[in-house]
Amino acid sequence: MTSTSRRILAVTLLLTALLAARAQARKKDDPPPPSGCRWQTIEVLGAHLAVPDGWQYRDVSEGPLLSYEVRPAGAGLEKAKSLYRLEVRRGLKKADVVPRAREFVEKARATATDAPPIDEREAGPMTLFACAVTYAPEPPGTVSLSSALSATANRDTGTLYMVRLDIPSDEVKLVSPLADKLFQNIRLNDAF
C-alpha cells in the first residue's frame, strides 16, 4: 500500500472514529443512507451501519460477544477477501473498558510492519482509539494487508466497540470506496 493510501485510510479511520464517538442513534426521519448503501439496523445496540448495496451482512454473535461482519459482494467482488467486523462487549467493569479499548488497537499494531501512532479522542462518555496499520505478506510472496482499527469505550455503560476493516493490498482500489462509506457511517448510541 502506498503512503498516500495509508494516509487516506488513516483519515477515513479518524473520520469514522469521530462519527462513532458522537454516539448518535439514527432515527426514522434522519437522512437517507449514503449513495450506494442501505441502513443495517442492529437493534440490540441501537446502532446502524451503512452497508454497501449487494454486500453481505451477517450477525455472527456467539454467547456474550456481539459480532457483526460485512463482506464485499457483487459484480467484480466475487473473490474479495476484505472483511469489516464489529465486535461489542457489554457489561465490562467501567474502570477496565478504556484500557481494554487501547489494548485492542495496541495488539494489532504490535505485529504490523507499518503502524503510525494511535489517535485518541474523547466525546462525552466515549473514549476512542484509532489507527491504520499494514502487515507484511503472510506467507511471503502473497499480498500485504491493511487494517483500519478503532475501539470505542463507553465509560458510563462499560461497553466496548471494536471495529476492524481488513483489506488485502490487491483489493484496495476496488473495495475502499465502498468500505469507506461503511466505515464512516457507523452510528452508535451512547445509552447502550
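Consider Thr152 carefully, then state whether it is more than 27 Å from Lys79 (Cβ to Cβ), open to solvent by less than 10 Å² (accessible area, probe 1.4 Å), assigned to a strand (DSSP E or B) and touching a Lys or Arg at 6+ places or on another chain (Cβ under 7 Å). Give the derivation first.
Details: more than 27 Å from Lys79 (Cβ to Cβ): yes; open to solvent by less than 10 Å² (accessible area, probe 1.4 Å): yes; assigned to a strand (DSSP E or B): yes; touching a Lys or Arg at 6+ places or on another chain (Cβ under 7 Å): no.
In short, no.
Is it true that Leu14 is in a helix (DSSP H, G or I), modelled with pLDDT under 90 and not basic (Lys, Arg)?
On the way: in a helix (DSSP H, G or I): yes; modelled with pLDDT under 90: yes; not basic (Lys, Arg): yes.
For Leu14, the condition - in a helix (DSSP H, G or I), modelled with pLDDT under 90 and not basic (Lys, Arg) - is met.
Would you be able to tell me the number of residues in the stretch 163-188 that are open to solvent by 20 Å² or more (accessible area, probe 1.4 Å), among the aliphatic types (A, V, I, L, M) and touching a helix residue (DSSP H, G or I) at 6+ places or on another chain (Cβ under 8 Å)?
Total meeting the criteria: 1.
The values are calculated or read from the model by the stated rules, or taken from the named source; none is laboratory data. Quantities reported herein were computed from a predicted structural model and do not represent experimental measurements. Virtual Cβ from ideal backbone geometry, glycine too; neighbours counted across all protein chains shown. To get the accessible areas, we keep the full protein, side chains included, count just its heavy atoms, and leave off ligands, DNA and RNA. Shrake-Rupley method; radii C 1.70, N 1.55, O 1.52, S 1.80 Å.
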